[in-house]
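The values are calculated or read from the model by the stated rules, or taken from the named source; none is laboratory data. Predicted, not measured: the structure shown is a model, and the values here were computed from it. Neighbour counts are summed over all protein chains in view; Cβ atoms, including those assigned to glycine, are modelled from backbone coordinates with ideal geometry. Ligands, DNA and RNA are excluded from the accessible area calculation, which covers all protein heavy atoms including side chains. Shrake-Rupley method; radii C 1.70, N 1.55, O 1.52, S 1.80 Å.
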Amino acid sequence: MTLAQRTPAEEAPAGASYPDLRWFPPGTHITVRGLKKAFDGNPVYVGFDIDLPKGKIVSVFGPNGCGKSTFINMVAGLLPIDAGQILFEGKTIAETRIGYVFQNYREALFPWLRAIDNIHYPLRLMGIGKAERERRIEELVAGFDLKFDLHRYPYQMSGGQQQTVSIMRSLVIEPEVLFLDEPFSALDYEMTLIMRDQLQKVLVARGVTTVLVSHDLEEAVYLADKVLMLTRRPSRIADYMDVDLPRPRDPSTLTDPRFIDLKARTLEVFQNAVRAS
Amino acid sequence: MQSDRLTRYAWMAVGPLALFLVWYAVHLAGLVTPKLLPSPVRTLQSVWTNAISGGLGPDFLRTLWRTLQAFGIAAAFGVPIGIVIGANEKLYRSIEFLIDFFRSTPATAMFPLFMIIFGLGDFSKIAVAAFAAWLVVLFNVAYGVMNARQTRILAAKVMGASRARIFKDVMFYECLPQTFVGLRTAVSLALVVIVVAEMFIGSDDGLGKRIIDSQITFDLPQLYGTILVSGILGYGLNLIFLGLEKWLVHWSGRA
Ligand SMILES: Nc1ncnc2c1ncn2[C@@H]1O[C@H](COP(=O)(O)OP(=O)(O)OP(=O)(O)O)[C@@H](O)[C@H]1O
Ligand SMILES: [Mg+2]
């Protein structure tokens, strides 16, 4: 579907499969409709619908193996879908600039390139000249407070530094949507805290639509504008909660009564979702 | 730092020196008849005189040159074909058995066949060695390609890399460590086959020919000396490839 074919809700063609859903509610970036996916006959998604807001951070949380990775990989176009439709303001994934941060930074960065050249790489693929690339990277670097040298090779860096480089590589192309699948789960707790704040700062400053999978409930709530809670497979929405805590959030947020309350509610939803099956 | 290194080198010298001393002691004590075991000093002298005036240098260079030719052919055909096979799982499955079978077949068993096909000249020796080395390169490159980290390929894909770019920018580097393992094994194997070929497929020169001649004339100092020189050649080639690998594939084993 191309831009020209975008149809506002009022003019939705007769016989559209989801007449009760407006195609593009204001502020929505990603619309998922009738998503189906099964592995070897085992269904993971059996008709899944969701809207993800533009310029906001959505955390995806749910029991192990419920299909969180499957979800963001399908939305990011890394995994084919069996049925359904995923659109980005009416555009397809191919027409959308995206960034993806993998859990396993060790296997996602290119060890034959220095960190800085890893960051150059996506811009190179876009055919951008050297001067412009350097300008953009300089601007990006300014938003991070880096305490390490980007002229080293990834294997000469700590895990947190490598994942920072991964995040920079995904942001340098100024993606419309950023996907992160458990980006901090391979890091120790102290590093995780630092990285969360770093990520929050950059994402809020850039206003990029973000889908973050987390297996850590505290992290999911802390970073998110909305928390998408999934049930056991076949996955359904257990809850889709707003997190309207003020930003910037900092470690003191963790002890804020509203945060604690939200976390307790999400935990309850989670436990019900797990028990329900 | 400096002294650390020196101690390391010192320790590395202990083994060879000990071997030399044991050899010398066995010789002095007359435990083995000098006909079968000349003194190490006598052996080194023979290497020296042969190198100066006995044609050891040209023989060494001939063997080296043949080995490098065989290796060059193996690499030139092994790397590209290996990449193609590794990138195509069905193709790999269909010829996996053939590769394994011929890799397990002693190259020396092929000598007569290659002599019939390529004649008695130099090329038939090079061809046998190249064939054996080629299989090793092929196998390792294909294996490297097949075991490329999927995440890196996905990462390139997400960034919008075309298939050709993924090949050139990711696959090539991903299989480089394994490729080097293959190249290093291949050069050693090529040397083995070349030396044996020089012994048994009529040859006018080369270290293999010199070894066989020493046996026929019962010149044991020269026999031991030439074995030593062959060892130095093999070890040297291996060392050069290890160095190249460390320099070109700096991330190997660290990422
Ligand atoms: N390629 C595949 N082939 C077969 N089954 C798969 C495949 N990928 C995922 N699955 C199955 O689909 C289900 C969802 O997997 P997915 O990786 O999306 O879960 P997840 O929520 O990300 O889990 P985790 O918390 O372990 O990361 C799991 O039961 C998994 O076994
Ligand atoms: Mg997962």
Screening A:Ile93, A:Ile128 for residues that are out of contact with any Cys (no Cβ under 9 Å at 6 or more places or on another chain) and under 30 Å from A:Asp51 (Cα atoms) leaves only A:Ile93
List, please: which pairs have Cβ atoms under 9 Å, are six or more places apart or on different chains, and start with a residue in region A:124-153 that is open to solvent by less than 60 Å² (accessible area, probe 1.4 Å) and end with one that is among the hydroxyl-bearing types (Ser, Thr, Tyr)? A:Leu125/B:Ser162; A:Phe144/A:Thr164; A:Leu146/A:Thr164; A:Phe148/A:Ser158; A:Phe148/A:Thr164
If I filter region A:24-43 for residues that are within 12 Å of ligand 1 (Cβ to nearest atom), open to solvent by less than 30 Å² (accessible area, probe 1.4 Å) and modelled with pLDDT of 95 or more, do I get at least one hit? yes
Quick one: what pairs do we get from region A:54-78, first residue within 14 Å of another protein chain (Cβ to nearest Cβ), second within 11 Å of ligand 2 (Cβ to nearest atom), C-beta under 6 Å, 6+ apart or different chains? A:Ser69/A:Asp181; A:Ile72/A:Asp181; A:Ile72/A:Val213
Filter region A:91-118 for residues that are open to solvent by less than 20 Å² (accessible area, probe 1.4 Å) and out of contact with any helix residue (DSSP H, G or I) (no Cβ under 6 Å at 6 or more places or on another chain); the one that is farthest from ligand 2 (Cβ to nearest atom) is A:Thr96
I need the full set of residues from region A:98-114 which are part of a loop (DSSP other than H, G, I, E, B) and facing chain B (nearest Cβ under 7 Å), in order please. A:Phe102, A:Asn104, A:Ala108, A:Phe110, A:Pro111, A:Trp112
Residues being open to solvent by 70 Å² or more (accessible area, probe 1.4 Å) and among the aromatic types (Phe, Trp, Tyr) - total across region B:57-104: 5
Would you check if A:Ala142 is within 16 Å of ligand 1 (Cβ to nearest atom) and among the aliphatic types (A, V, I, L, M)? no
Does any residue of region A:50-62 turn out to be assigned to a strand (DSSP E or B) and among the acidic types (Asp, Glu)? yes
Kindly list, by first and then second residue, each pair from a residue in region A:178-203 that is within 14 Å of another protein chain (Cβ to nearest Cβ) to a residue that is more than 16 Å from ligand 2 (Cβ to nearest atom) and not in a helix (DSSP H, G or I), limited to pairs with Cβ atoms under 6 Å and residues at least 6 apart or on different chains. A:Leu178/A:Gly99; A:Leu178/A:Val208; A:Leu178/A:Thr210
Every listed condition ((1) at pLDDT below 95; (2) more than 14 Å from every other protein chain (Cβ to nearest Cβ); (3) in a helix (DSSP H, G or I)) holds for A:Asp149 save (3)
Region B:168-191 - residue that is closer than 10 Å to B:Ala133 by Cβ and without any contact (Cβ under 8 Å) to a residue 60 or more places away in the chain and, of those, most open to solvent (accessible area, probe 1.4 Å): B:Thr185
Say we look at region A:68-90 and pick out the residues that are open to solvent by less than 10 Å² (accessible area, probe 1.4 Å) and outside any helix (DSSP H, G or I); which of these is farthest from ligand 1 (Cβ to nearest atom)? A:Gly90
Quick check on this structure: which one of B:Gly121, B:Gly160 is over 24 Å from A:Ala108 (Cβ atoms), free of Cβ contacts under 8 Å to residues at least 12 places away in the same chain and open to solvent by 10 Å² or more (accessible area, probe 1.4 Å)? B:Gly121
